Amino acid sequence: MNDFTVDKTTKTVTFSREFDAALSLVWDAYTKQEILDQWWAPKPWTSRTKFMNFAVGGRRFYAMVSPEGQEHWSIQEYTAISPKTNFKLLNAFADKDENPELPGSEWDLTFSEQNGKTTVRVSIYNESLVRLEKMIDMGFKEGTAMTLKNLEALLATLSHQK
């Protein structure tokens with residue numbers, strides 16, 4: 001993970017990561033439920049999606065599940081999609097009945113490919129400084145680094161299957 005930056009004045013977290021994989025495969029890893037659930041949680045936690053509709057106005061409702069079965073739910077609502085280039089979403093923690101805990105955060109993910117490698121740039125704007133600080137205190141940087149390592153390993157496997 002490169003350029004991990006926390007800017008408290010703008011309430012924004014930004015980072016990027018380069019993957020040794022084709023753009024179409026990396027895009028699918030972020031936008032297809034069956035691939036997303038294989039990497040979207042720091043081990044030993046797992047990701048379990050209850051439903052996902054990757055379309056503008058569509059939503060993903062999922063839980064991060066601990067080895068003991070503890071669930072932390074989140075809702076993501078897709079607000080903009082430019083295929084294989086960019087998508088934006090609103091993210092909020094939630095309870096198991098889909099009631100969001102507001103305020104949430106706005107994610108902006110940009111994808112670019114050069115020489116067979118794909119870079120994903122992520123910007124996360126938090127509506128409140130309290131939420132940003134809570135996110136960081138919960139280990140967001142470390143968890144994201146672990147999660148992106150999961151994705152890197154999965155992409156290597158998927159790339160060899162093609």
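List of remarks:
- 5 angstrom amide H check on residue 79, placed H, neighbours 5+ away: 57, 88, 89, 90
- log10 of Debye I(q)/I(0), alpha-carbon scatterers only, for the stretch 1-63 at 0.16, 0.20, 0.27 Å⁻¹: -0.75, -1.02, -1.08
- Over the chain, the fraction of Cα-Cα pairs per 5 Å bin, rounded to whole percents and listed from the shortest bin up, is 2, 9, 16, 23, 24, 17, 7, 2, 0.
- Taking the stretch 53-69 and a reference point 7 angstrom along Cα→Cβ of residue 86, the backbone N atoms nearer than 16 Å belong to 56.
- Calculated P(r) of the stretch 80-141 - Cα pairs past 21 Å, %: 37 percent
- The H on the amide N of residue 53, modeled in the peptide plane, is under 5 Å from the matching H of 59, 60, each at least 5 residues off or on a different chain.
- Heavy-atom accessible surface of the chain, averaged per residue, reaches 53 Å², computed with a 1.4 Å probe.
- Percent accessible area from carbon and sulfur atoms, the chain, protein chains only, probe 1.4 Å: 51 percent
- On full extension, the segment bounded by residue 115 and residue 146 gains 8.6 nm, given 0.36 nm per residue less the C-alpha separation.
- Rough spin-label spacing in nm, given labels placed 7 Å along Cα→Cβ, for residue 34 and residue 128: 4.0 nm
- The packing ranking, built from the mean of other Cβ atoms within 10 Å per residue, places the peptides 120-127, 143-150 in the order 120-127, 143-150, highest first.
- From phi via Karplus (6.51, -1.76, 1.60), per-residue ³J(HN,Hα) for the stretch 71-83 in Hz, x at Gly/Pro: 10, 10, 8, 9, 10, 10, 10, 7, 9, 7, 9, 10, x
- Amide H contacts of residue 19 (H built 1.01 Å from N, under 5 Å, at least 5 apart or other chain): 118, 119, 120
- Reachable lysines from residue 84, criterion Cα separation under 29 angstrom, eight or more residues apart if same chain: 11, 32, 43, 50, 117, 141, 149, 162
The values are calculated or read from the model by the stated rules, or taken from the named source; none is laboratory data. Predicted, not measured: the structure shown is a model, and the values here were computed from it. Cβ: placed from backbone, ideal geometry, glycine included. Neighbour counts: every protein chain shown. Ligands, DNA and RNA are excluded from the accessible area calculation, which covers all protein heavy atoms including side chains. Shrake-Rupley method; radii C 1.70, N 1.55, O 1.52, S 1.80 Å.
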